[in-house]
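Let me begin by presenting the structure, written as C-alpha cells, before commenting on it.
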Amino acid sequence: MDELNQISQTLALSMGAAWGSGINLYATLLMLGYLAHTGNIDLPPDLMIVADPLVMAAAGLMYAVEFFADKIPGVDTGWDTLHTFVRIPAGAMLAAGAIGDIGPAAEIAAAIVGGSLAGVTHATKAGSRVLINTSPEPFSNWTASIMEDVAVFVGVWASIQHPAFFVIALVAFVFLMIWALPKLWRGIKRVFKFLGRLFGWSSNEEDYSKPLASDKLPRPD
C-alpha cells in the first residue's frame, strides 16, 4: 500500500507540474518553490532547485509581469504565443524532474507525457483567450486570467496534498480538453478570417484572371 501511495504521489506531482506549466509556468514554479522552501513538502532532488531563492525571485518577477500582461486583451495572446516555446519544454523538464531517481527511461517517458500535457493545456488556454478577446469589455479577460492563476495554485497544491483526487480530476480535464480543442480551433479560424477581411488581408472576391473550368472543356464544332 505504501508503494502504491508513493507511485500515485510521484505521478500526481509530475503531471501536476506539467499541467500547471501549460497554464502559468511562473505560478507553478512559485508554488513548488514556496512549499519546498518552507518545508511543507519534500521535492525530489532534481526538483529542489525550484526552492532556491534566486529561482524563486526570478519566477516571482516573471509572474508579476505575466499577471499584468495576461489581463490586457491582445497582449495576452502575444504573450501566450511567445510562451509556446517556454511552457512546453519547461513542463517536460518539471515532469521528468518530479520522477526522481526511478531511472532514465522513466524520466524520458515523463518528459514526453509531461511535455504533451503542457502543450495541450497551453493550446486550450491560448485558444480560449483568443475567443474571449473578441468581447469588447475587459472584465471577461480579467476574470479568465484570475481564475487560471487560482486554478494553478490550487491544482499544484492538490497534486501534492491529495494526489489521488488530482489524478482523477486531471483525467476528467484531459477529456474536456479533447472535446473543447476542435471547437476552439473552429472559433479561432473564424476570428482570424474576420480580422483578415477587416484589415484587407484576404478577400472573398473571385479572381477573374484565372480561367474557369468550363473554359477547358472541348468546344463543339
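All of Glu137, Glu148 fail the test of being outside any helix (DSSP H, G or I) and acidic (Asp, Glu), apart from Glu137. Comparison of Gly39, Gly114, Gly127, Gly119 shows that the only residue that is modelled with pLDDT under 90 and within 17 Å of the chain's Cα centre (by Cα) is Gly127.
Does Ala27 count as aliphatic (A, V, I, L, M) and either out of contact with any Phe, Trp or Tyr (no Cβ under 7 Å at 6 or more places or on another chain) or surrounded by fewer than 19 Cβ atoms within 10 Å (Cβ to Cβ) (or both)? No: the conditions fail for Ala27.
Against the test of being over 23 Å from Ile7 (Cβ atoms) and either of a type outside the set (S, T, N, Q) or crowded, with 19+ Cβ neighbours inside 10 Å (or both), the options Asp80, Asp101 yield a single qualifying residue, Asp80. When each of Lys125, Lys183 is tested for being in a helix (DSSP H, G or I), touching a residue at least 60 places away in the same chain (Cβ under 8 Å) and basic (Lys, Arg), the lone residue that passes is Lys125. How many residues are farther than 30 Å from Tyr34 by Cα and either of a type in the set (S, T, N, Q) or in contact (Cβ under 8 Å) with a residue 12 or more places away in the chain (or both) if we restrict to region 160-177? Here the count works out to 0.
The values are calculated or read from the model by the stated rules, or taken from the named source; none is laboratory data. None of the values given here were measured: they were computed from a predicted structure. Note: ideal-geometry Cβ built from the backbone for every residue, glycine included; neighbour counts use all protein chains shown.
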